[in-house]
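Working notes, beginning with the structure itself.
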Number of protein chains: 2
Amino acid sequence: MPAMTETKSITADKIASHLSQAVHEHRLQPGAKLREDEVCDLFGVSRTIVRQALRSMEFEGLLTIEKNRGAFVSKPTLKEAQEVFQARALLEPSTARAAAMRANAGDIEMLERHIKDEHVALDQDEAGLALKLSGDFHLEIARIADQQTIEQFLRQLISRSSLVIALYWRRRNALCESNAHHALVDALRNGDGDSAEELMKGHLLDIFSQLDLRERAEGSTSLRDALRL
Amino acid sequence: MPAMTETKSITADKIASHLSQAVHEHRLQPGAKLREDEVCDLFGVSRTIVRQALRSMEFEGLLTIEKNRGAFVSKPTLKEAQEVFQARALLEPSTARAAAMRANAGDIEMLERHIKDEHVALDQDEAGLALKLSGDFHLEIARIADQQTIEQFLRQLISRSSLVIALYWRRRNALCESNAHHALVDALRNGDGDSAEELMKGHLLDIFSQLDLRERAEGSTSLRDALRL
DNA sequence: TACTCACTTTTTGTATACAATATTTTTTAT
DNA sequence: ATAAAAAATATTGTATACAAAAAGTGAGTA
């Protein structure tokens, strides 16, 4: 008897999140083109759905859709890169403060798991995955702060940060920021809003200071490979 | 010889901005349903385009699309209302400061025109239009500050503010805030960043303090009337 | 070789047909 | 007359067909 493993009902959201993950992990590089038919074949849906997914990713800033030319992974300019971190600097410190006031034991545990996963990913040379997890850590703090509106903006900003890092990150090896994350968790655990706010501010400045000013050449990746389908 | 008055090429963007304006001016109230066919007839395009427009308005927070049920003008909850103004309080004061550093004579002139238009609208009992212009004033400041990322977020926040005001505004008569706008323009003209930041902070608090906690009953409007088509 | 023009192929944009779901109306039974 | 069930209608969701635009190809010319 054949197994009923029909997953079925692939939604635009699922496609978008699959593609987004690939962008976040730098398996899809800025500038890469996402042809509609190719995505259709990969996920087995019609162009209607794929176009919905691409459109939503455009709204999030991950893709840039050029009329009659197609959807490309966005290549933030230097000015946009600066703006992204300026905006984060305005939103995240006070969010960290609010999170410190609300975090419970379960929240702390989840954050620590995030950090652990990051380490594992780094140990396995999965820098892309580690970067994705690092972004999720920041989002998780907004969730703990119970600020959905800000969380939504932060999601976009972190997505764009991932593109910025793909283009402007100085060294290719490690993200030495897990210490900062640890310190943040400590502040949250102690309900120390002042520290949380300051640590977050410093952490963002630290990341920003590690960006390089020069532009980088884009690499082209096979869509199929990038998605691991 | 017949006049070549073919406007032609009605894009999803045009439809979205037309509909958005109607929401901003409270001609379309929170809870109102936007049927696809109706919008199609009004603008003379296929559902494909209309659906694009509605989807983009959903991303901006103006509409809520319920699966298999349709698109409705969003009805922000009280918590969402608070979040919107919390987010604005984080973003706008520092944006006003930046604008004070960059505003030139043309910028000031444009802001003053905005204020004048607001007054005219109020004198003609076009409270909806005045509200729209008031929102544009805030957006204009972000534009002067040359912060596109923040401007984009602010656009969404101001859209949602309009819904919040439709639902939770205390008195129906006047928006007595034009003084605040005047003071802001003065600060910008003088390049006084400190004042601009403080004034904006106070202005937002002032608006927020005038919101009522109770929920309101929704009114239903004919889509055709609301759009004046 | 380098260039351009025409032609072919590929890819995206829009409208429409059909399917699935929700809503309204009618029928039927108590 | 009321309520439940069933049918009819209206509305949204998805796939597909066709149109329009862009990208690619190759012959011909200087």
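The table below gives the values:
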item	result
The lone exception for A:Asp107 - which of (1) over 22 Å from B:Thr149 (Cβ atoms); (2) of a type outside the set (S, T, N, Q); (3) in contact with an Asp or Glu (Cβ under 6 Å, 6 or more places away or on another chain) it fails	(3)
Filter pass, B:Glu6 being open to solvent by less than 50 Å² (accessible area, probe 1.4 Å) and either more than 29 Å from A:Val50 (Cα to Cα) or at pLDDT below 95 (or both)	no
Cross-chain or 6+ apart pairs with Cβ under 6 Å, the range A:66-93 first and more than 9 Å from every other protein chain (Cβ to nearest Cβ), then away from DNA strand C (no atom under 16 Å from the Cβ) and open to solvent by 50 Å² or more (accessible area, probe 1.4 Å)	A:Phe85/A:Phe208; A:Pro93/A:Lys201
Among residues of the range B:72-83, those that are surrounded by fewer than 20 Cβ atoms within 10 Å (Cβ to Cβ), away from DNA strand D (no atom under 11 Å from the Cβ) and within 16 Å of B:Ala22 (Cα to Cα), counted	1
Flag for B:Lys14 being modelled with pLDDT under 95 and out of contact with any Ser or Thr (no Cβ under 7 Å at 6 or more places or on another chain)	no
Every pair of residues 6+ apart whose Cβ atoms lie under 9 Å, when the first sits in the range B:30-59 and is on the phi > 0 side of the Ramachandran plot while the second is open to solvent by 60 Å² or more (accessible area, probe 1.4 Å) and more than 11 Å from DNA strand D (Cβ to nearest atom)	B:Gly31/B:Lys75; B:Gly31/B:Glu218; B:Gly31/B:Ser220; B:Gly44/B:Ile10
Residues of the range A:32-42 classified as open to solvent by less than 30 Å² (accessible area, probe 1.4 Å) and not in a helix (DSSP H, G or I), total	2
Test: residue in the range A:47-56 that is of a type in the set (D, E, K, R), modelled with pLDDT under 95 and more than 29 Å from B:Ala87 (Cα to Cα)	no
Qualifying residue in the range A:20-30 (condition: open to solvent by 60 Å² or more (accessible area, probe 1.4 Å) and either within 16 Å of DNA strand C (Cβ to nearest atom) or under 20 Å from B:Gln52 (Cβ atoms) (or both))	no
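Listed here are the residues, each with its yes/no results for (1) within 12 Å of DNA strand D (Cβ to nearest atom); (2) over 28 Å from B:Ser9 (Cβ atoms); (3) in contact with a Leu (Cβ under 9 Å, 6 or more places away or on another chain).
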{"position": "A:Thr11", "(1), (2), (3)": "yes, yes, no"}
{"position": "A:Glu25", "(1), (2), (3)": "no, yes, yes"}
{"position": "A:Pro30", "(1), (2), (3)": "no, yes, yes"}
{"position": "A:Arg47", "(1), (2), (3)": "yes, no, no"}
{"position": "A:Gln52", "(1), (2), (3)": "yes, no, no"}
{"position": "A:Glu60", "(1), (2), (3)": "no, no, no"}
{"position": "A:Gly70", "(1), (2), (3)": "yes, no, yes"}
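The values are calculated or read from the model by the stated rules, or taken from the named source; none is laboratory data. Because the structure is a prediction, the values reported are computed rather than measured. We place every Cβ from the backbone using ideal geometry, glycine too, and count neighbours over all the protein chains shown. Each accessible area value is taken on the protein alone, full model and side chains, heavy atoms only, with ligands, DNA and RNA left out. Shrake-Rupley method; radii C 1.70, N 1.55, O 1.52, S 1.80 Å.
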